[in-house]
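The values are calculated or read from the model by the stated rules, or taken from the named source; none is laboratory data. These figures come from a predicted structure and were not determined experimentally. We place every Cβ from the backbone using ideal geometry, glycine too, and count neighbours over all the protein chains shown.
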Amino acid sequence: MAADLNLEWICSLPRSWTYGITRGGRVFFINEEAKSTTWLHPVTGEAVVTGHRRQSTDLPTGWEEAYTFEGARYYIKSKTFGKN
């Protein structure tokens, strides 16, 4: 299950943790002590819902790149309806 980023989530980060936001708007968490990052909140183990999807000029027309809450990349093909 994922949750929206809110003040409670930020305040509940352990001392050595901070968070960042990617250019695409995705929230990630940074463990300064261990020098590591994760998509999952270090206390709750949940990802933050950001609606992270993007169209890329590198993909064929009608395809989008998206990510699971665990951070795995996948691709979505938009289905078009109508006459060809």
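Observations on the model:
- Among the residues of region 68-84, those that are farther than 26 Å from Ser16 by Cα, among the hydroxyl-bearing types (Ser, Thr, Tyr) and modelled with pLDDT of 65 or more comprise Tyr74, Tyr75, Ser78.
- Here Thr44 does not qualify as at pLDDT below 70 and over 11 Å from the mean Cα position of the chain (by Cα).
- Residues of region 20-36 satisfying the condition of being farther than 21 Å from Glu65 by Cα and touching a residue at least 12 places away in the same chain (Cβ under 8 Å): Phe29, Ile30, Asn31, Glu32, Glu33, Ala34
- Residue tally, condition basic (Lys, Arg) and either at positive phi or surrounded by 16 or more Cβ atoms within 10 Å (Cβ to Cβ) (or both), over region 9-46: 2
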